[in-house]
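Here the structure is laid out as structure tokens; the discussion comes afterwards.
The values are calculated or read from the model by the stated rules, or taken from the named source; none is laboratory data. From a predicted model like this one, the values you see are computed outputs, not experimental measurements. Cβ: placed from backbone, ideal geometry, glycine included. Neighbour counts: every protein chain shown. Ligands, DNA and RNA are stripped out before the accessible areas are found, and what is left, the full protein with its side chains, is counted by its heavy atoms. Shrake-Rupley method; radii C 1.70, N 1.55, O 1.52, S 1.80 Å.
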Amino acid sequence: MKPQKLAALIPLLAIEPLSLDIRGTAQTAQKLGYGGLAIGVNHPEINTKTFGPTAQRHFKQVLAAHGLALGAIRVGVGKAGAFDPATCQKLLDDALSACDLAHRLQTPLVSVYIGEPADDQSIPGEVAEIVRLLAVRADCTGVIAALSCGQSTWLHKLLSSIDAPCLAANLDSARVVAAGGSPPQAAEMLAGRLALWTCADAVRTGSAVHLTPLGSGRAAGQEVVNILKSQDYTGPIVVDVRDLPNPVQAAEQARNQLQQWIFA
């Protein structure tokens, strides 16, 4: 597939915040003008023993009937992620399963929230090993594993230390804000490594973080778009309206706001 310029990309919608079944979400996403979906690996409609070849074909048919693609499978177990012995194995298992599922569904991208490091200086050996194992599975299944965390300096260091073509970065704007960072600075730092932009907004007051409608927080979406344009970014954009009231309305507003930024 020929890479597209940023203005030609139609964003994906993260499915979980809508709390609808896949068919209902597909109908809503089509109506709102989205080009596809991003779905969590533990979504109840795909994380089941009955989601075999027949169910997978039906899943793809439902999306195709609404003119949608499955752009990414998402993985995350919270802020502790790979940094806590209580959650690291779950994260790895889910990430490996997501690679296998992405291969079966012909989905090019797996998004993995690695968690939040204690500082941006050190990479624990256990975390590096998890990422190496993920890289092996991603390479074998022909997918890109896009890693995210709030601390962009640490993420850049991680990807530089494990230089695998199947590993990339996911710029999750809301998580960068939550960690006290700047999404535009993160976009510049991760230039050449970005395979995904998770477009969400937030404000941070002291240690408290609140998700906000797109364009009303501190994520500086217009600046991020301008930087991605300058980088000739061609990866997908996932709109995530997690933790917002009336997620369908928030998804519609986000789609409109994103288009304004792109064509400004």
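Just checking, does the stretch 206-216 include any residue being out of contact with any His (no Cβ under 9 Å at 6 or more places or on another chain), within 23 Å of residue 250 (Cβ to Cβ) and crowded, with 24+ Cβ neighbours inside 10 Å? Yes, the stretch 206-216 contains at least one residue that is out of contact with any His (no Cβ under 9 Å at 6 or more places or on another chain), within 23 Å of residue 250 (Cβ to Cβ) and crowded, with 24+ Cβ neighbours inside 10 Å.
All conditions in (1) within 13 Å of residue 261 (Cβ to Cβ); (2) open to solvent by 10 Å² or more (accessible area, probe 1.4 Å); (3) of a type in the set (A, V, I, L, M, F, W, C) hold for residue 224, with the sole exception of (2).
Can you tell me which residue among 134, 101 is open to solvent by less than 20 Å² (accessible area, probe 1.4 Å), in contact (Cβ under 8 Å) with a residue 40 or more places away in the chain and more than 21 Å from residue 12 (Cβ to Cβ)? Exactly one of 134, 101 is open to solvent by less than 20 Å² (accessible area, probe 1.4 Å), in contact (Cβ under 8 Å) with a residue 40 or more places away in the chain and more than 21 Å from residue 12 (Cβ to Cβ), namely 134.
Go through 127, 41, 62 for me and flag whichever is out of contact with any Asp or Glu (no Cβ under 6 Å at 6 or more places or on another chain) and surrounded by 19 or more Cβ atoms within 10 Å (Cβ to Cβ). Criteria check complete, one pass: 127.
Under the condition of being buried (at least 19 other Cβ atoms within 10 Å of the Cβ) and in contact with a Pro (Cβ under 9 Å, 6 or more places away or on another chain), the residues counted in the stretch 6-38 number 7. Within the bounds of the stretch 193-205, is there any residue that is under 16 Å from the mean Cα position of the chain (by Cα) and open to solvent by 40 Å² or more (accessible area, probe 1.4 Å)? Taking every residue of the stretch 193-205 in turn, at least one turns out to be under 16 Å from the mean Cα position of the chain (by Cα) and open to solvent by 40 Å² or more (accessible area, probe 1.4 Å). From the list 119, 93, the one residue that fits, being assigned to a helix (DSSP H, G or I) and either surrounded by fewer than 16 Cβ atoms within 10 Å (Cβ to Cβ) or in contact with a Pro (Cβ under 6 Å, 6 or more places away or on another chain) (or both), is 93.
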